[in-house]
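Note sheet for the following structure.
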Amino acid sequence: MAAPSSLPAISNTFSPFNPVTKPPKTFRTLTTRSSLASQSLSSAKSNLLQLISDQNRGIVTQSDPQKLSQITDAIDTIALINRDQLTTNNSLSGTWRLLWTTEKEQLFIIKNASFFGTKAGDVLQVIDVEKRNLNNVITFPPDGVFFVRSEMEIASSQRVNFRFTSAVLRGKGWEFPLPPFGQGWFDSVYLDDDIRVAKDIRGDYLVVDRTPYQWKE
């Protein structure tokens, strides 16, 4: 009677299963970098909001070069960390309210509205990506408003081109149309559910937050 053939031991044929095998080093490195970038971005955002919190939308900053440098450096840091974010999709749509800017024309109106017997209320950007519309709005409660209509187009992952089409100064029971003037672009270098940070063709900076309401003409 023939002797039975020898069978290889199972333990010599298969490697044991290890349920806690570590992911590849490259994956771990990328995950760590992403986590660090997220933490850095959150910290940079908090720092920016703290810096602008007492600047009266930028009016105080005009006479404080050191604070201006600190704020613009904070924005440039955010732009560098966040350079790969897509900010020109539908999340750009909404009514955005001015928190801080370096734009001299807007700040002049805000600062000097009292000379016209009124005061500036919310200063807004109203954006509709789907309809390619952009309105810049300065309100003068209770009934006044100045707004500039624009057409816009998406130029890149962060850049929007725009062209002014008309402007209107409106009060209670009256309206004064103005001719269109100018065009340009802005980059939204940061965007989340709360705020948006932008830089534009003239080198101006803008920080806005989402309003709890939708402005309409």
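Report yes if Leu99 is in contact with a helix residue (DSSP H, G or I) (Cβ under 7 Å, 6 or more places away or on another chain) and part of a strand (DSSP E or B), otherwise no. Before the answer, list the steps.
Numbers: in contact with a helix residue (DSSP H, G or I) (Cβ under 7 Å, 6 or more places away or on another chain): yes; part of a strand (DSSP E or B): yes.
For Leu99, the condition - in contact with a helix residue (DSSP H, G or I) (Cβ under 7 Å, 6 or more places away or on another chain) and part of a strand (DSSP E or B) - is met.
Could we say that Leu169 is aliphatic (A, V, I, L, M) and within 23 Å of Ala44 (Cβ to Cβ) here?
When the stated conditions are applied, Leu169 does not pass them.
Are any residues in the stretch 40-71 at pLDDT 95 or above, touching a Ser or Thr at 6+ places or on another chain (Cβ under 9 Å) and surrounded by fewer than 19 Cβ atoms within 10 Å (Cβ to Cβ), and if so, which ones?
Asn47, Gln62, Lys67, Leu68
Please work out which residue is nearest to Leu51 (Cα to Cα), limiting yourself to the stretch 88-109 and to residues that are aliphatic (A, V, I, L, M) and at pLDDT 95 or above.
Just the residues of the stretch 88-109 that are aliphatic (A, V, I, L, M), to begin with: 92, 98-99, 107, 109.
Remaining after also requiring at pLDDT 95 or above: 92, 98-99, 107.
Details: Leu92: 24, Leu98: 15, Leu99: 11, Leu107: 18 Å.
The selected residue is Leu99.
Can you confirm whether Arg97 is farther than 18 Å from Phe140 by Cβ, open to solvent by 30 Å² or more (accessible area, probe 1.4 Å) and not aromatic (Phe, Trp, Tyr)?
Here the answer is no, as Arg97 does not meet what is asked.
Can you pull out every residue in the stretch 102-137 that is of a type outside the set (Phe, Trp, Tyr), open to solvent by 40 Å² or more (accessible area, probe 1.4 Å) and part of a helix (DSSP H, G or I)?
Across the stretch 102-137, the qualifying residues are Lys104, Glu105, Ile109, Lys111, Ser114.
So which residues in the stretch 173-196 are open to solvent by less than 20 Å² (accessible area, probe 1.4 Å), under 12 Å from Ile75 (Cβ atoms) and either small (Gly, Ala, Ser) or touching a helix residue (DSSP H, G or I) at 6+ places or on another chain (Cβ under 6 Å) (or both)?
Taking the stretch 173-196 first, the residues open to solvent by less than 20 Å² (accessible area, probe 1.4 Å) are 184, 186, 188-189, 191, 195-196.
Among the residues that remain, those that are also under 12 Å from Ile75 (Cβ atoms) are: 188-189, 195-196.
Of everything in the stretch 173-196, those that are open to solvent by less than 20 Å² (accessible area, probe 1.4 Å), under 12 Å from Ile75 (Cβ atoms) and either small (Gly, Ala, Ser) or touching a helix residue (DSSP H, G or I) at 6+ places or on another chain (Cβ under 6 Å) (or both) turn out to be Ser188, Val189.
The values are calculated or read from the model by the stated rules, or taken from the named source; none is laboratory data. What you see is a predicted model, and the numbers here were worked out from it, not measured in a lab. No Cβ is skipped: glycine too gets one built from the backbone with ideal geometry, and neighbour counts run over all protein chains shown. Side chains are part of the model used for accessible areas, which takes the heavy atoms of the whole protein and leaves out ligands, DNA and RNA. Shrake-Rupley method; radii C 1.70, N 1.55, O 1.52, S 1.80 Å.
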